[in-house]
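Heads up: the structure comes next, in structure tokens.
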Amino acid sequence: MSGDEPILTDREERAATALRATLHDIAAAEPFRVDREAFTAPVARKGTVRGRLPVGLAAALAVVLVAAMAVFAAPRLGIGGPAAPQEHFDNGQFAFDYPATWQTLGIRSDGGLPVFGTGSWRLGCQGDPSATGCGEEITDVSGGRIVVTMWVNSGAPAACVKNDALGAAPLGDAWIRNAAEDRVFYPAGPTTWEIRRPGYDFGMNGNLWIQAVTDNPAELANAKAMVATFHWEAAGDYCHSPTAAPTLPGTAGHFDNGQLSFDYPTGWRVLAGDYYEGMAVVQVYAVLGTGSWQSGCRSSANGGGCTGDTVDVSSGRVVVKIWSRVDGPVNACMGNDHATATFGPNAVIGSTYGSAVDWQIRYPGAEFQWEGNIDVAVWSDGPAGLAQAQALIASFRWAAGLPSAAGNCAQIDTPAPPTVGPGPT
Amino acid sequence: MERELVLAARLGDEVAFARLIESEAPRTYRAVLAVVRSPEDAQEVMQDATIRAWRQLRSLRDADSWPAWFRRIAVRQAFDRAGHQGRIRLHEITLDSVEGEAGRDPSSGWAERAAVMSALQLLATEDRALLGLRFGADLAVPDVAAALGIPLGTAKSRLHRALGRLAAAMGDDDVRR
């Protein structure tokens with residue numbers, strides 16, 4: 001018996017035995033049977049046919065899907081385009097245009113990406129966050145309105161592991177797959193596209209998904225036009241292990257990519273610039289220091305995958321890696337607002353990152369452990385390097401005007417317990 | 001295999017999702033049954049949980065955590081149902097209704113089963129969930145604690161307390177038999 005299993009008294013054992021027999025017997029007598037119709041669309045869906053139709057017919061449908069995508073893509077490739085005024089979105093990773101009539105409706109907690117549209121949207125976070133995370137979205141697109149959400153795929157097959165591309169069509173700079181149409185849970189019927197990163201295949205971690213919810217054909221056309229303008233900011237294999245010394249945004253000794261900034265000693269070498277580590281969908285903004293460092297990620301050409309970085313900080317040297325998780329924990333809305341240290345104005349929580357000490361800085365309005373926060377991993381074998389790294393953290397600033405993540409989970413945050421005064425003596 | 005099914009289901013494969021549910025549902029159903037105390041309600045809870053899980057599947061980041069994730073959804077749904085249920089369903093699990101069904105031999109232990117289900121009503125919902133997960137879903141106590149989001153020590157102490165109350169409700173007066 002495991003030490004975690006409590007030893008029951010005879011009386012407790014009798015009750016347990018009776019209960020177990022009762023539950024098993026009743027469940028056997030009146031079993032639960034899965035009603036597939038409950039989660040099957042009333043109309044044929046692309047996701048459905050893949051698993052149910054003969055291979056030949058499925059392949060034929062895939063061809064039709066590709067053709068349909070090409071038809072829908074054609075107007076975006078220079079033949080025509082939306083005449084309505086456009087806004088431009090650019091977060092340094094990717095960019096696209098969207099109608100000026102759309103507003104920013106909110107920010108998703110899983111990746112901090114904005115939600116656009118004319119409808120209403122909020123993240124539900126209903127009930128116990130430990131039960132379902134913050135996946136419940138409350139969307140209203142009545143009256144012909146639209147809500148467009150986007151998120152980075154995670155939990156899918158690891159990036160940098162080659163999969164065969166599914167039905168897809170080139171569209172501008174991106175390869176786009178119309179992933180699914182789900183008319184069960186969204187009466188208005190969302191349309192979803194998967195846009196793969198350069199060097200990635202469909203279904204991989206790190207790809208971007210865009211979903212439009214509307215029953216208005218004109219707004220759906222706007223969403224398609226938006227998707228068609230999508231392009232990644234950087235090309236190439238994101239899983240490529242960075243080797244050449246890159247140039248960081250900003251000036252010598254001062255990193256600034258328009259979203260986050262920090263100072264670092266001018267004597268430090270830039271060991272790596274902006275890149276992604278595919279396995280865990282980690283975005284690395286910079287690797288700096290006086291020691292030596294080699295990424296643990298291999299290129300997809302060499303099998304892909306990421307292991308721990310190889311770092312040498314002997315003789316008092318230091319290496320600092322500034323990174324952020326794109327696929328944060330499921331329970332992103334749990335109360336995690338308890339800093340363990342403060343450097344300058346920045347409250348942080350400390351943990352370990354391999355053999356490094358890691359401090360996490362919150363994104364504006366976010367709590368610790370949320371996606372989009374910035375982590376600073378520090379390898380150092382002496383107090384001098386550690387102090388330099390802590391000075392870097394103290395200098396860290398978010399750019400003004402970033403959309404706040406606050407409110408995403410406000411309804412489940414529990415208030416701080418009241419202060420209890422001294423009791424009667 | 002289960003991991004592959006989760007990954008496929010995340011991409012919209014309903015067949016894969018149905019297989020996942022069929023694999024996990026029996027044990028989860030038994031835990032839910034302890035919470036809501038009515039097969040009819042338990043089946044509705046499971047159906048709701050299935051739909052919710054399908055809808056939220058893309059929020060599941062770790063495919064390996066699928067069983068625990070689905071279990072939490074179902075138990076949460078059962079909590080909600082139990083909160084609205086009150087006492088109106090109690091008649092459905094009485095001695096008469098269970099024993100009187102055709103084809104069931106009253107001597108085969110159904111009277112005791114009915115007594116157990118009636119006794120469950122005297123326990124708090126949280127305790128019923130704990131007992132359901134431990135003795136219905138047959139989870140280890142650490143897994144029960146994780147499913148309910150409570151510390152292991154708390155789960156152990158609640159387990160003793162809940163079993164004691166269940167035994168008392170069943171008329172077990174602590175006399176060694």
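The values are calculated or read from the model by the stated rules, or taken from the named source; none is laboratory data. Keep in mind it's a predicted model, so treat the numbers as computed, not measured. In this analysis, Cβ positions are derived from the backbone assuming ideal geometry, glycine residues included, and neighbour counts consider all displayed protein chains.
Within the stretch B:18-51, the residues that satisfy the criterion of being facing chain A (nearest Cβ under 7 Å) and farther than 25 Å from B:VAL116 by Cα are B:ALA18, B:ILE21, B:GLU22, B:THR50, B:ILE51. Considering the stretch A:5-30, the residues that are facing chain B (nearest Cβ under 7 Å) and loosely packed, with under 14 Cβ neighbours inside 10 Å include one that is modelled with the lowest pLDDT, namely A:GLU5. Considering only residues in the stretch B:113-133 that are facing another protein chain (nearest Cβ under 8 Å) and within 11 Å of the chain's Cα centre (by Cα), the one that is farthest from B:LEU166 (Cα to Cα) turns out to be B:GLY132.
Kindly establish whether B:LEU123 is modelled with pLDDT of 80 or more, crowded, with 21+ Cβ neighbours inside 10 Å and farther than 13 Å from B:LEU33 by Cα. It is true that B:LEU123 is modelled with pLDDT of 80 or more, crowded, with 21+ Cβ neighbours inside 10 Å and farther than 13 Å from B:LEU33 by Cα.
For B:ALA168, the criteria (1) more than 7 Å from chain A (Cβ to nearest Cβ); (2) among the aliphatic types (A, V, I, L, M); (3) closer than 18 Å to B:VAL32 by Cα hold in every case but one, which is (3). Listed by position, the strands (runs of 3 or more DSSP E) inside the stretch A:198-308 whose residues that are modelled with pLDDT under 65 number at least 1 are A:275-277.
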